[in-house]
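*Asks:* Sharing a structure below in structure tokens format, with a few things to ask.
Read-outs: derived from the displayed coordinates by stated rules, not from any lab. Since we're looking at a predicted model, the values are computed, not measured. Because the Cβ atoms are built from the backbone with ideal geometry, glycine has one as well, and the counts that use them run over all protein chains shown.
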Amino acid sequence: MIKRAIFGTMAAVAALSFSATPGIAEEYPAERLTYTIAFGPGGGNDRMSRTLVDILKQYELYPGNIVVENREGGSGAVGFSYVKRQAGNPYSATSTSGNFIGTPLVADTDWTYADFTPIALLASDAMFLVVRTDSDFKSLDKVVAAANEGRITIAGSGSAGPERVTASLFAQAAGIKYEYVPIGSGGELVTALTSGSVDAVVANPSEVAGQIEAGTFTALAFSDTERSTNHPEIPTFRELGYDFNFSLPRGVVLPPDLDPAVQDWWIAALKKAVDTPEWQDYLVTNGMSGNPIWGAEFGVYLKETSTKYETVLKDIGAID
């Protein structure tokens, strides 16, 4: 507690120092950037963060040095808390993920999405609703009709993750009931659908891309606001008349209490970063949807996504 209090005081002093220094926004950036990854090496957030930092360096989009630090723990709680406590420091940044939204909803953290300066949503973890190609479900309407006639089972990874949220939002929009089957991993999800143990699955595109390309599975709908970068032939739920969207953010945020000019600088830099072939390769390789959102609009997106996630978790009894 003493260390935290001291650190908080230092952060407050730094914030005042930054905001009170005339002309500092015009000189930005002039120092080394610390890019915090709130998860361990090798995971999805780590890959996204290091890809972005490599692009910033390769194309000299950030003129100074960039140090990358992994601060894992607590499903992102440790790293995100560290960045939040850098209030007023424009030389600290981090990447968001599903845990950036989900962890504060299920754990007692000292931060939420609202404690950060939103810069950009650069990619989305959105979901496909997938069926076997040889099934009777040739359209989303057929799935709804079957649910109205009897029991339908939809599987997803985990009991309270984005797959469950997507399935629940679809059921609400369609006015149907369904049985949700939580399954441990993407591989097990594929096995369950292949064997006919479930009628449909909600899955990240990267988990079922091979089966879709092979013609074994068919994706009926995509849960983002726009069609997938990798599978533009698959319509969104909203296009098909089911009025919802849900995805989790792969984006960039900075600490709170920054000069607005710093936010503007980062938006301009990242607009150049997402236009590079390296970033487009990242989207394709990782099955991400690349529909960027900038600044305040990204902040609105984070709020809406958190609200949807919280509502569904309450509906299924995962949180009070």
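*Asks:* Please list 70-79, 88-97, 196-205 highest first by mean number of surrounding beta-carbon atoms within 10 Å per residue. All intermediate terms of the calculation are to be shown ahead of the outcome.
*Replies:* Working: 70-79: 18.6, 88-97: 24.5, 196-205: 22.0.
The densest-packed peptide leads the list: 88-97, 196-205, 70-79.
*Asks:* Pairs Lys84/Lys308; Lys271/Lys303; Lys57/Lys271; Lys142/Lys177; Lys57/Lys308: which are spaced more than 25 Å apart, C-alpha to C-alpha?
*Replies:* From Lys84/Lys308; Lys271/Lys303; Lys57/Lys271; Lys142/Lys177; Lys57/Lys308, over 25 Å: Lys57/Lys308.
*Asks:* Any idea how far apart Ala268 and His231 come out in nm if each label point goes 7 Å out from Cα toward Cβ?
*Replies:* Distance between label points: 3.9 nm.
*Asks:* Considering only C-alpha atoms, what is the centroid distance from the range 146-224 to the range 255-293, in Å?
*Replies:* Using only Cα atoms to place each centre, the spacing works out to 30 Å.
*Asks:* Quote the charge dipole size of the range 249-291 about the Cα centre in Debye, to the nearest 20; the model charges only the Cβ of Lys and Arg (+1) and of Asp and Glu (-1). Mind dumping the intermediate values first?
*Replies:* Values: 3 positive and 6 negative charges, 28 e Å.
Dipole magnitude for the range 249-291 comes out near 140 debye.
*Asks:* Report, in cubic angstrom per residue, the convex hull volume of the C-alpha atoms of the range 260-320.
*Replies:* In the range 260-320, the Cα convex hull volume per residue is 110 Å³.
*Asks:* Still on this structure, please answer the following. What nm distance separates the two modelled labels at Glu213 and Ser139, each placed 7 Å from Cα along Cα→Cβ?
*Replies:* Inter-label distance under the simple model: 3.0 nm.
*Asks:* If you line up the Cα atoms of the range 82-196 on their principal axes, what length do they span on each, largest first, in Å?
*Replies:* 56, 29, 26
*Asks:* Something else about it: Take the Cα gyration tensor of the chain, multiply each eigenvalue by 5, square-root it, and list the three semi-axes largest first, rounded to whole angstrom. Could the numbers behind the result be given before it?
*Replies:* Values: eigenvalues 297, 87, 52 Å².
Listed largest to smallest, the semi-axes of the chain are 39, 21, 16 Å.
*Asks:* Pull up the DSSP beta bridges for the range 109-203 and report the antiparallel fraction as a percent, rounded to 5. Don't jump to the answer; show the numbers that get you there.
*Replies:* Numbers: 3 of 10 bridges.
Percent antiparallel among DSSP bridges in the range 109-203 is about 30.
*Asks:* Any chance you could run the full-extension gain for Glu304 through Ile319? It's 0.36 nm times the residue separation minus the Cα-Cα distance, nm to one decimal.
*Replies:* On the way: separation 15, 0.36 × 15 = 5.40 nm, distance 1.80 nm.
Additional length available on full extension: 3.6 nm.
*Asks:* Further question: Ordered by packing density, taken as the mean number of other Cβ atoms within 10 Å over each peptide's residues, highest first, how do 47-56, 180-189, 261-270 rank?
*Replies:* On the way: 47-56: 20.7, 180-189: 15.4, 261-270: 18.2.
Descending packing order for the listed peptides: 47-56, 261-270, 180-189.
*Asks:* For q values of 0.17, 0.26, 0.32 Å⁻¹, compute log₁₀ I(q)/I(0) with the Debye formula on a Cα-only model of the range 108-154, without solvent.
*Replies:* Normalising to I(0) and taking log10 leaves -0.66, -1.09, -1.21.
*Asks:* Kindly rank 240-250, 121-131 from highest to lowest mean number of other beta carbons found within 10 Å of each residue.
*Replies:* Values: 240-250: 20.5, 121-131: 26.4.
For the peptides 240-250, 121-131, the packing ranking is 121-131, 240-250.
*Asks:* Right, next: Which three semi-axes in whole Å describe the equivalent ellipsoid of the range 107-260, each the square root of 5 times a Cα gyration tensor eigenvalue, listed largest first? Intermediate results must be reported in sequence, preceding the final value.
*Replies:* Working: eigenvalues 181, 54, 49 Å².
Largest first, the range 107-260 gives 30, 16, 16 Å.
*Asks:* Something else now. Mean residue ellipticity at 222 nm from the helices of the chain, using -39,500 (n - 2.57) per DSSP H segment of n ≥ 4 over the full residue count, to the nearest 500 deg cm²/dmol? Intermediate values should be presented prior to the final figure.
*Replies:* Working: 12 runs with 142 residues, N = 320.
Computed ellipticity for the chain at 222 nm equals -13500 deg cm²/dmol.
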